[in-house]
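Just below is one structure, and these are the notes that go with it.
The values are calculated or read from the model by the stated rules, or taken from the named source; none is laboratory data. Predicted model only: the values in this text are computed from it and were never measured. Here the Cβ is made from the backbone with ideal geometry for all residues, glycine too, and neighbour counts use every protein chain on show.
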Amino acid sequence: MPEPNIIILPQLVERLKNAGHVAVLTGAGISAESGIPTFRDTEKGIWARFNAEEVATPEAFERNPTLVWQWYEERRKVIAEARPNPGHMALAHIEARVPRFTLITQNIDGLHRVAGSRNVLELHGNIHRARCAEEGTTVEEWPDDGEVPPRCARCGAMLRPDVVWFGEVPPVAELNASMVAAREADLFLSIGTSALVVPAASLPYHALQHGATLVEVNPEDTPLTKYASHVLQGPAGEVLPRLVAATWSE
Ligand code: OAD
């Protein structure tokens with residue numbers, strides 16, 4: 001990882017202090033400092049160790065539902081151990097200080113809400129929920145009776161993780177609300193995402209087209225970097241608390 005290059009310009013501080021609506025898009029990078037691996041890290045990334053086609057597509061679940069359920073069960077264990085880090089906390093602080101705030105996340109770990117964020121749109125679902133593969137009903141608890149995957153208590157069909165897989169579209173209400181937020185934001189922060197997976201990756205461009213100032217927080221360059229007015233090149237857990245302190249220190 002490159003050395004952090006965190007220069008917070010006074011223009012950014014002013015923009016944040018006076019923003020009417022701040023929208024944020026987060027990805028796996030914001031939870032990296034909580035001990036949850038990202039997807040595309042060349043060595044430790046989830047997709048360096050597993051084939052997405054075999055564990056994160058509707059076809060994979062049709063072919064081998066047991067394997068897919070067990071894979072998510074392993075991820076659920078890692079996530080259950082994780083706690084929000086200073087990056088998550090800083091976003092909750094920003095929400096408490098600006099008139100309007102929308103947090104759009106691709107993460108399924110639920111850590112933003114644990115950190116105190118309220119207006120959270122989970123574009124890729126939540127690993128702590130399952131849903132009936134037939135009826136679509138969602139549940140937060142399921143029987144631990146040895147059946148893998150567990151069964152829907154209403155109809156007996158298989159339960160699947162309530163997450164968005166490759167080849168699926170995000171939930172319509174969340175996606176629409178994200179588009180509205182991107183359009184109406186005057187400051188848009190893209191944090192800890194490789195900005196490669198659509199439709200989430202299209203949101204920063206949508207915000208830019210509608211006049212938002214774009215800020216990127218990421219230790220690495222992404223396809224978005226050249227469009228950002230401010231690039232804070234470091235880990236979110238260091239950058240975001242510094243941004244909050246620089247803006248509301250008095
Ligand atoms: P990626 O793994 O593609 O990207 C993580 C980004 O976080 C990279 O750009 C890293 O440089 C950056 N990063 C790493 N550590 C960081 C830190 N401490 N602070 C800030 N940034 C850091 O993850 P996503 O962009 O979230 O979808 O991936 C998007 C989607 O693709 C995921 O939701 C998932 C995945 O395949 C599905 O499973 C459908």
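Numbers below:
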quantity: Hey, Arg160 within 21 Å of the chain's Cα centre (by Cα), under 16 Å from Trp69 (Cα atoms) and touching a residue at least 40 places away in the same chain (Cβ under 8 Å) or not; calculated: yes
quantity: Helices (runs of 4 or more DSSP H) within the stretch 1-72 that include 2 or more residues out of contact with any Lys or Arg (no Cβ under 6 Å at 6 or more places or on another chain), surrounded by fewer than 17 Cβ atoms within 10 Å (Cβ to Cβ) and at pLDDT below 90; calculated: 46-49, 52-55
quantity: Residues satisfying the stated conditions in the stretch 190-208, i.e. in a loop (DSSP other than H, G, I, E, B) and within 7 Å of the ligand (Cβ to nearest atom); calculated: Gly192, Thr193, Ser194, Ala195, Leu196, Val197
quantity: Subset tally (residues that are more than 20 Å from Leu111 (Cβ to Cβ) and of a type in the set (Ser, Thr, Tyr)) for the stretch 48-77; calculated: 2
quantity: All positions within the stretch 73-127 that are surrounded by fewer than 16 Cβ atoms within 10 Å (Cβ to Cβ) and either assigned to a loop (DSSP other than H, G, I, E, B) or at positive phi (or both); calculated: Arg83, Pro99, Gly116, Arg118, Asn119
quantity: Unmet criterion (only one of (1) touching a Leu at 6+ places or on another chain (Cβ under 9 Å); (2) within 11 Å of the ligand (Cβ to nearest atom); (3) at pLDDT 95 or above; (4) under 21 Å from Leu123 (Cβ atoms)) for Pro86; calculated: (4)
quantity: Matching entry among Gly110, Gly125, Gly116 (being without any contact (Cβ under 8 Å) to a residue 40 or more places away in the chain and within 16 Å of the ligand (Cβ to nearest atom)); calculated: Gly110
quantity: Among residues of the stretch 128-152, those that are part of a loop (DSSP other than H, G, I, E, B) and within 16 Å of the ligand (Cβ to nearest atom), counted; calculated: 0
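Residue-by-condition table, conditions (1) touching a residue at least 40 places away in the same chain (Cβ under 8 Å); (2) under 28 Å from Asn218 (Cβ atoms):
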residue: Lys44; (1), (2): no, yes
residue: Ala48; (1), (2): no, yes
residue: Thr57; (1), (2): yes, yes
residue: Ala60; (1), (2): yes, no
residue: Arg63; (1), (2): no, no
residue: Tyr72; (1), (2): yes, yes
